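Following: one structure in structure tokens, then a few remarks.
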2 protein chains.
Amino acid sequence: MPRRRITQTDVAAMAGVSQATVSFVLNGSTPAGVRISEETRQRVLDAIRITGYTANPAAQRLAGGLAQILGVFTYEATFPRASRDFYGPFLTGIEHAAERLGVDILLFTSAPVADGRRRLTRDGWQRLGVADGCLLLGQHEHRGELQHLLDTNYPFVFIGKRGSDGGRLPYVGADYVGGTVRQIDRLVAHGHQRIGYVGMRGTDQPTLDRVEGYRDAMKAHGLTTRFVELEDVAATAAEIVDQRFTAVVVAPENHPEELADELERRGRRVPDDVSVLLLGQPHHPRRDGRQWSGFSVPREEMGARALYLLSRLVSDDGPRRERERERDARRPAAVTEAELHQILVCPDVEGATVAPPAGAPPGADAP
Amino acid sequence: MPRRRITQTDVAAMAGVSQATVSFVLNGSTPAGVRISEETRQRVLDAIRITGYTANPAAQRLAGGLAQILGVFTYEATFPRASRDFYGPFLTGIEHAAERLGVDILLFTSAPVADGRRRLTRDGWQRLGVADGCLLLGQHEHRGELQHLLDTNYPFVFIGKRGSDGGRLPYVGADYVGGTVRQIDRLVAHGHQRIGYVGMRGTDQPTLDRVEGYRDAMKAHGLTTRFVELEDVAATAAEIVDQRFTAVVVAPENHPEELADELERRGRRVPDDVSVLLLGQPHHPRRDGRQWSGFSVPREEMGARALYLLSRLVSDDGPRRERERERDARRPAAVTEAELHQILVCPDVEGATVAPPAGAPPGADAP
DNA sequence: AGCTGCTAATAATGCGCATCATCAGATTGA
DNA sequence: TCAATCTGATGATGCGCATTATTAGCAGCT
């Protein structure tokens, strides 16, 4: 039959001390000036060993304030059925950080995904409260919901840059601008002049940043920006040929593999005739195993950094700090502005899809 | 500024009722003969809506209620860094089920993965208590830990068949035996006689079940069982050629792709000269895109079914039911034995790696 | 003896919630 | 008219723990 759990009180009884003493021994630190003699300490530890006592986490949390649980809210299904999982690398990083922090991760799956996106409905958002704080992943966030989070001072961190709200939203993002700039630099160093940008217009942050990087870099090199924005991959390939581009930078969602196929079909080989640089992670690995040149997004690190940041925000807002602050109002905020908005470098990927333009002087090969 | 959590007491104050009343309204059922008028009920619900109240799961658990949180414990890292994610499909199914049940999923990431496997240490296993129940994934479970779970009557469900404990462990598994038998049947129907089994010996359940299926099916057809168990893929291929097998069944962890390569190198083509059937999910997609013949493991469904089962166990074992049972000892267990051990069918995959044996009469092609 | 200072421990409190025992008031029955 | 019943709600309690406030005991000093 269900054995009753061993509690601190049981341990205390066996050791001939009070429950409080057991708690002190277990926590080591004694906030007030409480002291425990080495002898008593050993008696308690022995009793713990004999009884096999283990703390009840629910009670610990109730008493302590923090649950040691951090939430993860994804605006789309976390584990999508069809496509390659987008969240996977982030979660890997998050899991790793969670281990190090000793916290558990709560996935908010109770809010249903409707229409491909998960809404932070009243019920859904209320459940956020079960975690000490929350990570937010995905593009399709909802303004009103965010406002609510800000208003209630609920600790959260976005994964992915959020430029829209005047710096009020904490995030850990990737440097798409810088990454894109470096790709252009690379091409120019190889001797390329006619460099096109292939990608659909969009208002999402990565797209805006890629375009910004492209514009800035081209301008800095005194080159003309040329955008190719076509629904059809075949048409895009045709346009590239028509415009006699020697290189293009492509957003990963623009089917680079198919694009390369179409180019080959038109007698242009990659990278011999046209260099193709990918501005971010490819959605699928290449058929022939050779990698795309371009830059990669440090998704695992983003996940980990975001969780660390969240953890800091939480403990700053936590009950202990709360009390400390009441006593000493001058205490500065522990989390600095710089920490609140982190942009991580996107490392270059050497890859196999970049080469000097056809007919370039041999010297241009070695930048 | 300080964001104190909204509690039932706050809600009660706003609605002009007692905390107990709020609790009753929230829980719907009223264990004792307590009644709440519709009007009061609405006032409370309004106050909840306005304040955005959320129950504190720790307190709920401590007080003996349900937190609507189900845990997922994986014996290996949930999101592995390098290899293809093994847990992915399971989690997809789990997430889907969680949505339908309206529960959140707690990943027990606080227990660190040491040596490739996560231990349900003293501390770790404590933390299970936050969730109402828990799903267990992975091969490397630890006996003592499981015993502890059983002793304390904590609700849990294994994903993957567990034959070892005399039917005391609830699980949702896959029918490797039946799947393997059907593969042999398939081959025999095609006219194959010399059918080898390629795979390393092991004590894990899938391996035991594959071997059992192979043995039973070969025996039923009056054929001789032949095992190939070699570390080296090349040696395995050589053995297959030597033994003049016309077909082999292979466990997915035995590098079937490399095996096929080695066979080709020795002048045996798949499937023209040797049919190869895979006993489970391939670890990697095939290079040429054509699928392995064999059977697949319904991992998503396993995840979903396991979560549903766990949900049932939880509500059966919940504090409410507990008390009901005390009053009426004759009440039958709500979860039947059959539900406790579910074996799901592994659907055949047609694939492109099976054919009649070379030199077989044409009629044998159409079973 | 009276006081201070120090060590070692305990009693008491509250975290937020579910639940049991109880109670006030309204309605009914005889 | 007064007890019996029913309705609608409240107060009190405890879950197991962390933490604060308090006490008991004792040595050293004046």
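What chain A shows is 48 Å² of accessible area per residue, with the surface traced by a 1.4 Å probe over protein heavy atoms.
Listed by chain and number, the lysines whose C-alpha is less than 30 Å from the C-alpha of residue A:161, apart from same-chain residues fewer than 8 away, are A:219.
Once you list every other residue whose beta carbon is under 12 Å from the beta carbon of residue B:105, what net charge do they have if Lys and Arg are +1 and Asp and Glu are -1? Net charge around residue B:105: -4. Our helix-only sum for chain A, with -39,500 (n - 2.57) per DSSP H run of n ≥ 4 divided by its residues, gives a mean residue ellipticity at 222 nm of -12500 deg cm²/dmol. Heavy-atom accessible area for residue A:283, with the other protein chains in place and a 1.4 Å probe, reaches approximately 100 Å².
Here's the picture: charge each Lys and Arg Cβ at +1 and each Asp and Glu Cβ at -1 in the protein assembly as shown, and of B:48, B:36, A:248 the one pushed furthest to the positive end of that dipole is B:36. Helix A:143-152 axis versus longest C-alpha principal axis of chain A: approximately 30°, rounded to the nearest ten. For chain A, what does the alpha-carbon gyration tensor say about shape, rounded, prolate or oblate, given a ≥ b ≥ c as the root eigenvalues, a/c under 1.5 as rounded, and a/b over b/c as prolate? It is prolate, given that a/c is not under 1.5 and a/b is the larger ratio. With an a/c value of 1.5 or above and a/b not larger than b/c for the gyration tensor axes a ≥ b ≥ c computed over the alpha-carbon atoms, the protein assembly as shown is described as oblate.
The apolar share of the surface of chain A, taken as the fraction of accessible area on carbon and sulfur atoms (1.4 Å probe, ligands and nucleic acids excluded), comes to 50 percent. Among B:238, B:247, B:47, which one moves the most in a GNM of chain B with springs linking Cα atoms closer than 10 Å? For chain B, modelled as a Gaussian network with Cα springs under 10 Å, the answer is B:47.
Restricting attention to chain A, close to 10% of DSSP beta bridges with both partner residues there are antiparallel. Heavy-atom accessible area for residue A:245, with the other protein chains in place and a 1.4 Å probe, reaches approximately 10 Å². Across the identical copies, the label point of residue B:147 (7 Å from Cα in the Cβ direction) is separated from its matches by 6.0 nm, in order from shortest. If you sort A:5, A:287 by accessible surface, 1.4 Å probe, largest first, the order is A:287, A:5.
Among residues other than residue A:225 with Cβ under 14 Å from its Cβ, the summed charge is +3 (Lys and Arg +1, Asp and Glu -1).
Plainly put, the tip 7 Å out from Cα toward Cβ on residue B:253 is 3.9 nm from that tip on each other copy, the closest given first. Panel note: contact residues of the stretch B:62-77 (accessible area lowered by at least 20 Å² against the chain on its own; 1.4 Å probe) correspond to B:62, B:69. When A and B come together, around 4300 square angstrom of accessible surface is lost from both chains combined, probe 1.4 Å. This model, with +1 at the C-beta of Lys and Arg and -1 at the C-beta of Asp and Glu, gives the stretch B:8-54 a dipole about its Cα centre of some 60 debye. Of the residues A:223, A:205, A:69, the one whose Cα sits farthest towards the positive end of the charge dipole of chain A is A:69 (charges of +1 on Lys and Arg Cβ, -1 on Asp and Glu Cβ, taken about the Cα centre).
For residue A:227, the accessible area of its heavy atoms, probed at 1.4 Å with every protein chain present, is near 90 square angstrom.
To the nearest ten degrees, helix A:256-265 and the longest principal axis of the Cα atoms of chain A are 20 degrees apart. Assuming a ≥ b ≥ c are the square roots of the Cα gyration tensor eigenvalues, decide whether the stretch B:8-54 counts as rounded (a/c under 1.5), prolate (otherwise, with a/b larger than b/c) or oblate. The shape class here is prolate. Evaluated with a Cβ-only charge set (Lys, Arg +1; Asp, Glu -1), the protein assembly as shown carries a dipole of roughly 2100 debye about its Cα centre, given to the nearest 20. Projecting 7 Å from Cα along the Cα-to-Cβ direction, the label point of residue B:235 sits 6.0 nm from its equivalents in the other copies, listed shortest first. Under a Gaussian network description of chain A, with springs only between Cα atoms under 10 Å, the residue in A:222, A:178, A:199 that fluctuates furthest is A:222.
Residues whose amide H lies under 5 Å from that of residue B:297, counting only those 5 or more places away or on a different chain, are B:281; hydrogens are built 1.01 Å from N in the peptide plane. Between 0 and 90 degrees, the angle of helix A:233-242 with respect to the longest Cα principal axis of chain A falls at about 50 degrees.
Between A:101, A:26, A:135, find the one with the highest GNM mean-square fluctuation for chain A; connect C-alpha pairs within less than 10 Å. Between A:101, A:26, A:135, it is A:26 that shows the largest mean-square fluctuation.
The values are calculated or read from the model by the stated rules, or taken from the named source; none is laboratory data. Note that the structure is a prediction, hence the values are computed from the model and not measured. Note that we place each Cβ from the backbone using ideal geometry, even for glycine, and neighbour counts take in every protein chain shown. Heads up: the accessible areas ignore ligands, DNA and RNA and are worked out on the full protein's heavy atoms, side chains in. Shrake-Rupley method; radii C 1.70, N 1.55, O 1.52, S 1.80 Å.
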